[in-house]
Amino acid sequence: MSPLALASIVIASGASGRPAEGANPTHAYVDLLRPGPGGERVYVQATLPDGVPGLFLVDTGASVSVLSEETALRLGIPIERGYGYVEGLGGRAPFDRAVIPSLTLGDVVVEGVDVAVGVRGVPERAGLVPLDGILGTNVWAQFVMEVDYPRDRLGLHEPGSVRLPRRAAPMAFENGHVFSLMTATAQDRRTDVDLIVQLDTGAGDLLLDGPAPLIDLEGQFTVGVEPIYGIGASEIMPPSEFLVETRRVGLSKVALGGRRFSVDGFQARWVGWERATGLLTDDDAIIGLAGHALFARHVAWFDFAGGRFALQPSHGKRRSLDVHAVVLAQDLDTYGDDPRRGLLRAEIEAALDGTDDAPPGAHLDAALRYLDAFLTVPDLTPDEVAQARTLMAGIHRFRGDLDAAWEAERALDAGQLVATGEIVAAVNGLALAGDPAAALALAERAVEATRDASDNEGKIEQSTALVSRADALFALGRLDDARADLMAAAAAVENPDAHLLRRSRVALAQQDRYGAIALVRRLLQLYPSEGTFLWFYALLVDDPGTASTFEADMEHAMSRLHPPFQPLDFQVAARRALGQQDAALDLMQQGAARDCHDLPQSDSSRDNCIAWYHALAGVDLDDALVRVDRALAKDGRRSDYLDTKAMVHLARGEGALAYEAALDAARLAPDDIYMLWQVERMAARGAGG
């Protein structure tokens, strides 16, 4: 978590998370959990006052801990409403305040933990496991903290009871944040940069922030836009609001915490070079926000009281503890065969699919069994029924069983489908099944159910319902009405640029090609890394004037991106659409080398990736068909693989087969406007429909 998130939260209270008097051992160890294989952030379980283990992000970048509203209400602890505001990357947001009477971490009891409640933008889940909050330095500063990343183990030691490595570096602990010095060696292996870094276990990589005069890296960085998210974001803020121009600096070595180690190829993100001062401090120092990427191979020691920080090699057997597997085992041990636990268990089983050595599909089979049992519980709330049936439908749809997916959702009313985010998929599923009248009737009920929305969540649901009706109206050929609903959907979330791709689709159906181009062009300006927008724009070009404008727009969009973020696949498609085959082939080779060739030979995604690039370039099409069919045979009827198959058949001139595959893909992902437009594009090319 960035210091731009919680740095401004100050809670004036004597309660700051103190170890219980005389009750704690000198040393204690707790498992660290991750939300999946290779997960960057680490989490810990702490037993709450009601005896239930809570899941918390371990975050030395947060000066105060955070508790979810749901957990605070469950515990019944007093909440001081309207306590203050937090300033984050997403804006200014209010928060409430509470005190957790006690937390137990392994054998350690911490009393009187101040927490901010209801902080907007804090994640609600770790993977698919509900997250109770964040534990910040108002807890960790009471200990010498030992974070063993390779072994997924957290050590909590009484101050003064352990000796840090001899080469430990000085560490400053100010206003709830921890800082140390770091030397970064640029990719040229000659340029060294001395930085002040905030040590943040809640961050992912290395974020540099500060003015340009203090750093000499001319020619050793790229410039581009990328999203940087933070606390305080409103739910209705469009993703484009989070795009920030960054410099990416390649590093070869880092000296931190008394160690100098290789990070060859690692890229630090750099913001704020044009300002007189940085965002993270009030002076003119270059500061870095150092996170998981620099800690991951080490044991990180934080001696808050002694003012020392160290990184050292980890000893012992490496392990990785998936939070889903751990929580599932605990739940089974605590509650046995209680069917009321079925929804949580099904969500966890779905998250575990493909992450371990279980037979293919075993976790999904278990998830469906849990859901079947859960739905027999007599006193479920409508929301619980809706969540269970939606998950069941998603599993069936993922497996390609559309009849079972629809059967799972049939009992849900329109309001429930909106609340679970399934209304657009349900409406388009009916339309693709050949019943657009039923699709419109369902969408009408959804719009009526959300008519009186007032808060942000309600406005989002209202906008989604209007989109579903627009799609149903489009399927019936009522294009003016569809356009009106899309404009109303954009107004509901106060974003004039919402649903631009759908609006472009309507404009094209109304024979307004230039209007369609203008809308997709706007999308490319907002989101230059989204290759689908680039491709659809290219497909709308039909004369030399628009072709030259498109090329200029494409080159400008790509110049705004760091090279690793450029969508090479859709550039291949765009160049081929413009008749520039040599350029398309060159980009295909670059893209396949970057995106496909490092994937394991046995991985079906490698076959699909290579087939996709070959289809877009129109080369090696026999091999491409063999590869995508092999991927489908291994992983089942996945919508992305079927989309690749459609493109392979289209490139081979097999129009009917292309349309069939595109239609199958859209039926599996009926809320994806890209898939819907692909079907229409195949039909318009005489491939079907």
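Laboratory data are not the source of any read-out in this text; all were calculated from the coordinates shown. All figures in this text were calculated on a predicted structure; none of them were measured in a lab. Because the Cβ atoms are built from the backbone with ideal geometry, glycine has one as well, and the counts that use them run over all protein chains shown.
Remarks
- Taking Cβ atoms as reference points and 10 Å as the exclusive limit, the residues near LEU375 contribute a net charge of -1, counting Lys and Arg as +1 and Asp and Glu as -1.
- Neighbour cut-off at most 15 other Cβ (10 Å), DSSP loop, trypsin sites (Lys or Arg not before Pro), the range 620-689: ARG685
- Cα convex hull, the chain: 169 Å³ per residue, rounded to a whole number.
- Theoretical gain in end-to-end length, ASP333 to ALA362 [0.36 nm per residue, Cα-Cα removed]: 8.4 nm
- Applying 1/(1 + (r/R0)^6) with R0 = 41 Å to the Cβ-Cβ distance of GLU245 and ALA484 gives a FRET efficiency near 0.70.
- Across the range 3-157 the C-alpha pair distances fall into 5 Å bins from zero in the proportions 2, 9, 20, 23, 21, 15, 7, 2, 0 percent.
- Using a Förster distance of 35 Å, the FRET efficiency for ASP598-ALA547 (Cβ separation, nearest 0.05): 0.50
- Nearest-ten-degree value, helix 655-668 long axis tilted from longest Cα axis of the chain: 40
- Estimated FRET transfer efficiency (ARG74, THR376; beta-carbon r; R0 35 Å; 0.05): 0.90
- Helix 362-374 vs. the chain, principal-axis angle (Cα, 0 to 90°, nearest 10): 90
- The trypsin sites (Lys or Arg not before Pro) of the range 362-419 meeting both criteria, a DSSP state outside H, G, I, E and B (loop) and at most 15 other C-beta atoms within 10 angstrom of the site's C-beta, are ARG410.
- Scaled radius of gyration (Cα, divided by 2.2 N^0.38 Å) that the range 335-400 gives: 1.08
- Spin-label pair GLU111-ALA411: with each label point 7 Å from Cα along the Cα-Cβ axis, the two points sit 5.0 nm from one another.
- The range 425-487: trypsin sites (Lys or Arg not before Pro) in DSSP loop, at most 13 other beta carbons within 10 Å: ARG451
- Model label points for ALA404 and ARG189, set 7 angstrom from Cα along the Cα-to-Cβ axis, are 5.6 nm apart.
- The chain: calculated mean residue ellipticity at 222 nm from DSSP helix runs of at least 4, using -39500 (n - 2.57): -13000 deg cm²/dmol
- Among MET588, MET145, sorting on how many other beta-carbon atoms sit within 10 Å of each Cβ, with the fewest leading, yields MET145, MET588.
- Electrostatic tally near VAL109: other residues with Cβ closer than 14 Å to its Cβ, Lys and Arg +1, Asp and Glu -1, net -3.
- Estimated inter-spin distance, PHE261 and LEU181, nm [label 7 Å along Cα→Cβ]: 2.1
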